[in-house]
Structures are given as C-alpha cells and as structure tokens.
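Novice: Encoded as structure tokens, here's the structure I'll be asking about.
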Amino acid sequence: MTCEELIAHLSSYIDHEMDADLVAEVQEHIAHCRNCRVVLDTTQRLIVLVHDEGRRIIPAGQRDALFDRLQQAFLSRPPASEADTTV
Amino acid sequence: MHTGPIAEPSTAEYAKGRFLRHRRTRSAPSSPRAGRIRIRRRERIADKQNVWKHRHATSTVRYNWFRKSVSTLQSERATMDDESVLIDGLRQRDPQAFATFFERYADRMYRLAYGVVGSEADAEEVAQATFISALEAIDRFEQNARLSTWLYRIAYNHALMILRRRRPEESLPDDDNALPMPSSLTDWSTLPEDRLLSREAQEILRKAIAELPTTLRAAFICRDIEGLSTAECAQIIGVSEGALKVRLHRARLTLRERVSAYFGEWMAS
C-alpha cells in the first residue's frame, strides 16, 4: 500500500469501515511509515478533541426563554384527532 | 441452550469413533492395496472434518451475527418504543411529553445549527424554528426514520436557509478534486491535554471548522461532533453515504492540516 492509498482510505480505517485485508495492509504500512502514522494519530486525536470539546449547549438564560416560548406555542395547539394521525 | 464454543473433535477422536463403528482395530496394512484403502479412508475422514470445521465456523459466525443483530434490533426496538410513547404524548399535547422532547433534543439541534451558521443568535433562531416546524408536523410524522434524524434534518434545512440569506454567493466545493497530500507532519497527538485544550487552541479549532465549506462542515459536525452514524448523517444532509464519506474525509484532512500547522509552529517556537 502506498502513502497516497493510505491517505485516501484513512477515514474508512478510523471509522472501522474497512475489510480485514485492507486493515492489515494499513497496519503494516504505518508500522514502517512515520509520516502516515503521524497523519493517522493526529487525525484521530483531532476527532477526539472535537467530540469532547465541541458539545455546545444553549446558554442558560436563553434556554429558559426558548422553552417558555415553545411550550406556549405547543399548548395553544389543539390535540391531534384520530383522523389527523397518519400511521 | 449451549452458549459457549462447541468443542471440536480431534482427528484421533473422530478417527477412533469411525474405527469403533466399523469394529476394526488398527494394525499394519497386510498389503499395498490395504494400505491405499486405509489412506483413502483417512482422507475421507479429513474431508468430513474440514466440512465439519467449515460448518462450525460458519454456524459460529452466523450465531454471533444473529446475537449482534438481535441485540441491535432490541436496542432499536426499545428506542422506537420510547419514541412512539413520546410522539403520542406530543400529539395529545401532554406538557410532560413536551418537556422531555425539549430536554432531549434542544441542545442537539442548537449544536448542529451553531456548527452550520456559526453564531449563537442564529443558532437559537434555528432551534426555535426547528421545534415549531416539528411540533406543527408531529401529527403527520410517519416514523419511517428515527425522531432525532427527522429533527436534525429539519434543523439542517433551517440552518441552510439562514446561511443562504447571509451568504448567497457561497458555491458548492467540487468533491471530485484530488486532495493534496498532508504537508504538516508534526506529531502533536501526544501533547498534554492542557495544551490541546487551551483557549487559544480551541479558538484555532473553532475558526478552522467555521472556515470549512458548508457541505464539508455539516458532514464533520454530524459525524464527529454529534457522533451520528454515516447513514444518519447522509439522511440528514440529503446525500448518499458515499458522498457523505468523501465530504467527511476532506473535512478531517483539511482541519488536521490547519490544526497541525498551528501546533507545529508552537512546538517549533
């Protein structure tokens, strides 16, 4: 496997969406190729960083106001009749 | 029901069983022809064992697939049952159902919206519009997809509308262009957490995500920030799974390059 091929398949490898033969080829390549190993490690680290730190939530003050507005709109609508519900 | 691996009979045990069945004892062959008959019998035994091994391996694979499928189906079934109860409550305008609905999905919709539109005010507008649209359509929701996937799709479409109002000139990137090979090869993956999570580093990362083209950014947010599956992300964004994977891959490599350039400079200084 060449470096270009490994880079092209990098996401599939990270997401475990690759068959066993290709996984073995990737692992053999990165065992001997420092550059590809760095690209793999840093990409995986980036994903972990983003997943942990990117989990933004609605700011507390805005959250309560949003909930109140939506609840008011929700409760002002009549309940669905059986004729309206689609199975 | 036997749940552990089935013990495989050894060649000797299997051969012994066969010999006992024929009530013969092993002895030196009396003639070359008897020797050849014995060899052919051993070969037939070995062939049957190979068939047995293959059937065992296949049945083990099938069993493990079945167990995994059952547990996945049970988990999905539990989610669907839970969603059905929630949807029924929303249709009956149950305040508790609404509270659960909001608590469960508000932050997720806000997060996706923020990732796409890039501002708190617009993200809140998207979240509000998403919930209003969803509550108006909940009576007609057919439950062909998961409730979360449906909501995400509504949120994504609302976010795109706001974005197009603000940036109508943005064109779609060409997914067919070959990606350049990575050029930043500093290994920053082992830097300590406090360095990677510093305010400056987080700002660099946030800016890099915001500067991605919208199509790449949406794929990255769905998959790597929200942690949704490839199939769900593709449904939300409205592309094939193959297209989703290409966009995700491009997004990851682009971000990696930006972040690596920053950390490379920092480590060199």
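Read-outs throughout are calculated quantities, based only on the coordinates presented, and are distinct from any laboratory measurement. Treat the numbers as computed from the prediction; the structure is a model and nothing was measured. Glycine also receives a Cβ, built like all others from the backbone with ideal geometry; neighbour counts cover every protein chain displayed.
Novice: Using only the alpha-carbon atoms of chain A as identical scatterers, what base-10 log of I(q)/I(0) does the Debye formula give at q = 0.12, 0.14, 0.24 Å⁻¹?
Specialist: Log10 of I(q)/I(0), two decimals: -0.61, -0.65, -1.14.
Novice: What is the magnitude of the charge dipole of the stretch B:193-268 about its Cα centre, with +1 placed on the Cβ of each Lys and Arg, -1 on the Cβ of each Asp and Glu, and no other charges, expressed in debye to the nearest 20?
Specialist: Numbers: 12 positive and 11 negative charges, 47 e Å.
About 220 debye.
Novice: Can you give the translational diffusion coefficient of the stretch B:193-268 in µm²/s, computed by Stokes-Einstein from the Kirkwood radius over Cα pairs at 4 °C and 1.567 mPa s? Before the final figure, lay out the partial values.
Specialist: Values: Rh = 13.1 Å.
It diffuses with D of about 99 µm²/s by this estimate.
Novice: Can you tell me the FRET efficiency between B:GLU103 and A:HIS32 if r is taken as the Cβ-Cβ distance and R0 is 51 Å, rounded to the nearest 0.05?
Specialist: Numbers: r = 50 Å, r/R0 = 0.99.
My answer for the efficiency is 0.50.
Novice: Quote the charge dipole size of the stretch B:80-166 about the Cα centre in Debye, to the nearest 20; the model charges only the Cβ of Lys and Arg (+1) and of Asp and Glu (-1). Please list the in-between numbers first.
Specialist: Working: 11 positive and 14 negative charges, 87 e Å.
In total the dipole reaches around 420 debye.
Novice: Counting partner chain Cβ atoms within 10 Å of every residue's Cβ in A:35-45, what's the average? Can you show the working numbers first?
Specialist: On the way: counts 4, 2, 3, 8, 9, 2, 4, 13, 9, 3, 9.
Shielding by partners across A:35-45 averages 6.
Novice: Quick one: angle between helix A:20-32 and the longest Cα principal axis of chain A, in degrees between 0 and 90, rounded to 10, please.
Specialist: 60
Novice: Now a separate question. Residue by residue through B:198-211, how many Cβ atoms from other chains fall within 10 Å of the Cβ on average?
Specialist: Details: counts 0, 0, 0, 2, 4, 0, 0, 5, 4, 0, 2, 2, 0, 0.
Whole-number average of other-chain Cβ neighbours for B:198-211 is 1.
Novice: Using Cα pairs under 8 angstrom and six or more residues apart, how large is the relative contact order of the stretch B:193-268, in percent? Before the final figure, lay out the partial values.
Specialist: Numbers: 46 pairs, mean separation 25.2, N = 76.
RCO, the stretch B:193-268: 33 percent.
Novice: Continuing with this model, one more query. So, with +1 on the Cβ of K and R and -1 on the Cβ of D and E, and no other charges, what is the size of the charge dipole of chain A about its Cα centre, to the nearest 20 debye? Don't skip to the answer; put the middle values down first.
Specialist: Numbers: 8 positive and 15 negative charges, 136 e Å.
Roughly 660 debye, rounded to the nearest 20.
Novice: Also: Which one, B:SER229, B:GLY264, B:LEU244, is farthest towards the positive end of the dipole of the stretch B:215-264 when Lys and Arg carry +1 and Asp and Glu -1 on their Cβ?
Specialist: Value: B:GLY264.
Novice: With each pseudo-label sitting 7 Å past Cα toward Cβ, what's the B:ALA231-B:ARG36 distance in nm, one decimal?
Specialist: Using points 7 Å along Cα→Cβ, the separation is 5.8 nm.
Novice: Moving to a separate point now. Given labels modelled 7 Å from the Cα in the Cβ direction, how far is it in nm from B:GLU125 to A:VAL48?
Specialist: The answer from the label model is 3.9 nm.
Novice: Hey, for a label at B:MET267 modelled as a point 7 Å past Cα toward Cβ, could you say which residues of the stretch A:8-47 have their backbone N under 15 Å away?
Specialist: Residues passing the 15 Å test: A:34-46.
Novice: Under a point spin-label approximation (7 Å from Cα along Cα-to-Cβ), what is the A:ALA8-A:ALA73 distance to one decimal in nm?
Specialist: Distance between the two pseudo-spin positions: 4.7 nm.
Novice: Quick check on the exposure proxy: order B:ILE138, A:ILE57 from fewest to most C-beta atoms within 10 angstrom.
Specialist: Ranked by crowding around the Cβ, least crowded first: A:ILE57, B:ILE138.
Novice: Fewest to most neighbouring Cβ within 10 Å: what's the order for B:GLU103, B:GLU232? Walk me through the numbers on the way to the answer.
Specialist: Values: B:GLU103 11, B:GLU232 21.
Ascending Cβ contact count within 10 Å gives the list B:GLU103, B:GLU232.
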